[in-house]
Amino acid sequence: MAFTFVSLISGSSGNATFVSDGKTNLLIDCGMSGAKLKEAMKVIDAAPENITALLLTHEHIDHTKGAGVISRRYNIPIYATEGTHTAMDAGKIDDNNIKLVRENVDFEIGGIGIKPFAIPHDARQPVGYCLFSGGEKYSVATDMGNMNEDILSNITGSKKILLESNHDVEMLRCGSYPYPLKRRILGDLGHLSNEAAAKTALYLVQNGTRHIILGHLSMENNRPEIAMLETYNLLSQSGVNVGDDVTLQVADRYKPTLF
């Protein structure tokens, strides 16, 4: 059975990704209410009660808003680093549903292999995830201030990847955000720019990636067409035939994006 990789929602207002090998169903982040999650999963003929486990990247509310609710409602274990478990505001979680993960320590849930990797972000102990199924690798790489060699080594070879393309640098610099917030986003523990995402996408495509979805776009400092054009142009100028060599999409902020 084909591996399912769906961005349920993605953006500065909320994030959730659903992956499944047909038997094991994983939700990566839950930055939406339980009701919204149920609506989103219904679109892809899935249901929250069939989620095997929830994996969290970090504690920020746009990634954890519904985590406690769905864990309690559907008895879903939450896998996250110790720092994320400690820092997140999810209410009381049953002790049996608190599962600790560590950076660069592989584990399995059902038939899906999982590798958390450290990411540079202003959170307690944030991680991205590589998932392995049927001899293929899939990755979720968002919420990072820069693309370093360790992240790149982890995500290289991914068949499909959800890659952060958070902001257009000039839009951010000229926008209405207060200076401290601009500095945070542009810093090494902030978010990945369109330009950085494009360079990362090119490297990944040159090393075997065939499906890229750009995600976690800022509502104020980016537009889907701007993010798409930045990566599309660099790929095309470098001899990559977008559509044939690689599929390129932008994750929808409010509804599922299948790729």
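The values are calculated or read from the model by the stated rules, or taken from the named source; none is laboratory data. Quick caveat: nothing in here was measured; it's all calculated off a predicted structure. Note that each Cβ is placed from the backbone with ideal geometry, even for glycine, and that neighbours are counted across all protein chains shown. Side chains are part of the model used for accessible areas, which takes the heavy atoms of the whole protein and leaves out ligands, DNA and RNA. Shrake-Rupley method; radii C 1.70, N 1.55, O 1.52, S 1.80 Å.
Return the residues of region 108-119 that are open to solvent by less than 20 Å² (accessible area, probe 1.4 Å) and part of a loop (DSSP other than H, G, I, E, B); say none if nothing qualifies.
ILE119
Taking interchain pairs and intrachain pairs at least six residues apart, which have beta carbon atoms under 9 angstrom, with the first residue in region 7-22 and free of Cβ contacts under 8 Å to residues at least 24 places away in the same chain and the second open to solvent by 20 Å² or more (accessible area, probe 1.4 Å)?
So the pair list comes out as GLY22/MET1; GLY22/ALA2; GLY22/PHE3; GLY22/THR4; GLY22/GLY111.
Would you pick out the residues in region 232-252 that are part of a loop (DSSP other than H, G, I, E, B) and open to solvent by less than 40 Å² (accessible area, probe 1.4 Å)?
Hits for region 232-252 are VAL240, ALA251.
Is it the case, given these coordinates, that GLY128 is under 30 Å from ALA198 (Cα atoms), among the small types (Gly, Ala, Ser) and over 14 Å from the mean Cα position of the chain (by Cα)?
no
List every residue pair whose Cβ atoms sit under 6 Å apart, with the two residues 6 or more apart in sequence or on different chains, where the first one lies in region 49-68 and is closer than 22 Å to ASP106 by Cα and open to solvent by 10 Å² or more (accessible area, probe 1.4 Å) and the second, anywhere, is among the hydrophobic types (A, V, I, L, M, F, W, C) and part of a helix (DSSP H, G or I).
Taking only residues 6 or more apart or on different chains, the pairs are GLU59/ALA87.
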